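The values are calculated or read from the model by the stated rules, or taken from the named source; none is laboratory data. Values in this document were obtained by computation on a predicted structure and should not be read as measured data. Cβ: placed from backbone, ideal geometry, glycine included. Neighbour counts: every protein chain shown. Just so you know, the surface numbers come from the protein's heavy atoms only, side chains and all, with ligands and any DNA or RNA stripped out. Shrake-Rupley method; radii C 1.70, N 1.55, O 1.52, S 1.80 Å.
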Amino acid sequence: ALLAVVALVATIGVVDESIDAFRACFGALLSFFGCAQLYVAVALFLNRHNSLVELAQTTGLSMFAFAAAIATAASFLFAMPESNVGCALRQPIILTSITLMGVILLVRSWRIRCIVSPTLTFASTIEGSQRRVSLRAESFRQKKTNTLQEARVNVMRVLSKISGWTLFAGTCGKSKARESTGLRQQITFADSMRVTAVLMTPQLILQVANLSIQALRMESIEIDDSLHACQCSIGPWLLVVGILIAALPFFFALLLNVKSEGLPDFFCEFDQIASSMKASVSVLLITLPTIAMISNTVPNAHAYLMAASTLSFVVPTCYNVTFAWMKLCSFGTKKNGKNPPTNSAKRASLIISNNSTKGDRFDILQAAEDALTLGNMFKNMGRLDKAIEVNNDVLSMFKGGNGEYDVNDSYTEAEMCAFGPKSLQVVVSTMVSSAKCFGKSLLPTQEDKERDEILRKRKKIFIDALRIFEQSPAKHAMKDRSVSFHVYSFLGVLIRDGSTDIGTDVAANFVNETRFSHFHHCRALAMQAELMARHQDFDAALLVVEDLKMRYDPRMYSKAIAQEYGTDWCAVVIPLSSLWLLHLNRKDEALERCNYFIERILPHVEKEINMLGLTYAFCPLSQVLGAQGKVGASRVLELFIEHVAEPLNNGVGEGSYGKLVFRPMMLLLKCRSSQCKSVQCANLDDDIAWMLHGKEHMFGFGHLKYLRLCDTVW
C-alpha cells in the first residue's frame, strides 16, 4: 500500500502539464485513503456489539472515520478550480467534516469519563432536573490550584449542562424519568448525539451562511486564459473563522484525554491526538510556504499542496485514534459468538508459532491486556454478564483453530503446551476473574436451578484453572505464580466442605507455591491444617497450626488476607484447632488455645469484611468455653456482642453474610449462657418471633458454606 502511494505521488509529479492525467492520479490517491477510512468505519460499526470494544463507543468512532472519509473525498475539489460548484462546496464540506471529527472525539471522551470513572459524581440541576455525571475522585480531593484539572472539570460540567438543556428541550420542558440502572444508562448514545448536534451548530450556521450569501461564497475566477482560482470577495476571514471553530473541539478533547489517575491509560487518547497535531504542523510548515510562493500559477501543484495540508491532520488522526480499537476488534468475537475465518486462522497460526517456540506473542498479550481492562470496568460497573463475555473473548484468543472458549469446553493438552509463561498467567488470572464474576452474580431472586448452574460453572472454572496451571510446561518458567493462589484457596474450601475431591496434594502445593509470600503462606497453612483435620490427621494439623501461630500477626495480615480471600481464614482455623485438641482429650490445651485467640487475635482481627469469619470463629469458642459452665458461655456471649453484634449494628460489615447469620449465633449463645429454663425468663420472646416471622433470606453458596462449617465445628 505504501509503495502504491509513492508511485501515485511520483506520477502526479510527472503529469503536471496534463489536467486529466493529474486528476486521475490525484483521484486514485484520494480514493485509496477514502476507501481505507470507509473500511474502518464499516468495520467499527459491525463490531459495535463486540464486548471487547463496547466501552470505546465504536458507533461514534465509526462516524468519526466516516467524517474523515468525507473530508478526504472533498479534497478532490481542490483540483477543480474552474467550477463554481466545486469552489463553493469544498470549504463547507471539509470544515464541517473536520469539525464533526473533533466534536465526536470531545463527546466520546466526555461520555467515556462519565462511564469508567464512577468514583465520584457531580450534579447539574436545570429547572428541577438533576443529572449526575461521574468525575475523577482526584478532582475533589486535590486543591483547586491545579489549573489543568480545573479546566478539565469545567469542560465536563459545560458538556453536562448542554446535555441537560437538550434533554429539557427534547421533552418540551417535562422532566424525563429514568430508572437508576447505573451511570452508563444516565448518559446514553442519544444524549451524546444531542450534545454533538449542539456543538456542531456554530460551524453549521457559518457554512450555511457561506453557501446562502453570495458575498461570502467562494467563486471561480479566471486569472489567465487557462488559469482559474477560487476566491471570496471578503477575503480569507471566513475561512479563518471556520478553521478556528474546527480546531477548538480537538483542543478540548486533548484536555479531557490528559492522562490522570483513575482513568485507564487505554482510554486516554492524548498521545494519539497530540502526535496527529505534530504530524500536521510538520506538513503545514512545508506546504503553506510553498503554496504562498507558487500561488495559483501552477494549478496542479497548488491543488496537491492544498489537499496535503487538509489531509495532514485528517489521515493521521483517523489512523491513530481508530487503529488500537481496530486491532482489538480483530482479536475479538462478535456478539453471535462466531469469528470471521481470518481471525480463526490468525489465532491458529499464533498457537502454532507458540507451540514451536514455547514463547509468548506480544500482539496477543497486548490485545488480551486491553480487553481485560475493559472487562474490569464492566465488573466495576456491575455489568457482570458483559465482564464474563469479555473474559471469554480473551480466553478464546489462546484457543487454536476455530475454537471458542466455553466453560464446558476448556483447553486441550496441545493448547496448554503452547502457552508461554505470560500467556499462562493471563489465562489463569482471567479464569479466576470469570469465576469471581459468577460468584457475584448470585441473587436471592434466582431459582435453585439457575443458582446451581452458576455454582457448577464457577466450580468447573476453578478446577480447569488448576489443571491448566499444573499441567502446562510454562509453569516452570513463570516468575510470579500468585495467579494460582485463589484457585488453590477456593478448591481447598470445596474439598473441606466435601463438594469435590480432586486430590490430596492441593494443600501441599498451595503451601509450596506461597513459601515466598508471607500472608499468602499463612492462608495456605490454614487451609492445609483444615484438610488434614478433615482426614482425621489431627496431630499433623496441630503441628501446622503451631507453624501458623508463629507466622501470623493479625495486625499486619488480617486485613490483607480478608481482602484477598474474602475471609481471614487464619483467624478461623486457630480457634477451630481447639476442637481438635478437645477431640484428643487435651482439654487444658484447648482452653489455652481459645484464650490465645481471645487475647492475641480477636482484638486485632479485621472486622469490616470479615464478619462471617468472626462468626465462624465463635463456634469453637462456644463449644470449648461453654463446657466450662455458664460463666464460660456468658464470656463468649459478651465477646460476641462486643466484636460482632455491636459493630454490625453500627454499620460495620454492612454487606457481609455475617449480618445474616449473627442473630442465630446470638440466639445459640443466649441459650447456652442462660440460667433460665423458660423462654420468658431467658428473654427470648423477640428471638422466637424473629425465627417465625423474620424476612432475612440467605441463598446460594453462602448458607451452604456456613451450615457445613457448623457441622464441622460441632
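Some notes on this structure:
- The calculated pair-distance distribution of segment 394-544 uses every alpha carbon pair, bins of 5 angstrom beginning at 0, and gives 2, 9, 18, 19, 19, 15, 11, 6, 2, 0, 0 percent.
- Computed from the Cβ-Cβ distance with R0 of 41 Å, the FRET efficiency linking residue 239 to residue 453 stands at 0.05.
- Summarising the label geometry, the points placed 7 Å from Cα in the beta-carbon direction at residue 286 and residue 537 lie 7.4 nm from one another.
- Lys, Arg +1 and Asp, Glu -1 on Cβ, resulting dipole of segment 515-616 about Cα centre, debye, nearest 20: 120
- With each label modelled as a point 7 angstrom along the Cα→C-beta vector, the residue 482-residue 689 pair spans 5.1 nm.
- For segment 204-288, the Cα-based Rg and Dmax, in that order, read 18.8, 64 Å.
- Applying Stokes-Einstein at 20 °C and 1.002 mPa s to the Kirkwood radius of segment 531-654, computed over alpha-carbon pairs, gives a translational diffusion coefficient of 146 µm² s⁻¹.
- Burial ranking of peptide ranges 82-94, 302-314 (average Cβ count within 10 Å, highest at the top): 302-314, 82-94
- Per-pair calculated FRET efficiency, R0 = 51 Å: residue 587 and residue 258 via Cβ, rounded to 0.05: 0.15
- Of 422/475; 559/607; 479/549; 436/460; 422/457, pairs whose Cα-Cα distance is over 18 Å: 479/549; 422/457
- The peptide list 631-638, 614-621, put in order of mean Cβ contacts within 10 Å with the highest first, becomes 614-621, 631-638.
- Residue-level accessible surface for residue 198, protein heavy atoms, 1.4 Å, Å²: 60
- Magnitude of the charge dipole, segment 412-493, Cβ model with Lys/Arg +1 and Asp/Glu -1, debye to 20: 240
- The overall shape of segment 416-480, judged from the alpha-carbon gyration tensor, is prolate: a/c is not under 1.5, and a/b is greater than b/c.
- Listed residue (324, 275, 218) projecting farthest to the positive dipole end of segment 191-329, Cβ model: 324
- Working from label points 7 Å from Cα in the Cα-to-Cβ sense, the residue 555 to residue 362 distance is 4.8 nm.
- In this structure the amide hydrogen of residue 397, modeled in the peptide plane, comes within under 5 Å of no amide hydrogen from residues 5 or more places off or on another chain.
- Residue 147 accessible area, assembled protein chains, probe 1.4 Å, Å²: 100
- Between segment 517-582 and segment 299-321, the alpha-carbon center distance in angstrom: 68
- Scaling against 2.2 N^0.38 Å puts the C-alpha radius of gyration of segment 241-317 at 1.38.
- Shown for segment 363-449 is the translational diffusion coefficient from the Stokes-Einstein equation, using the Kirkwood radius over Cα pairs, a temperature of 20 °C and a viscosity of 1.002 mPa s: 157 µm²/s.
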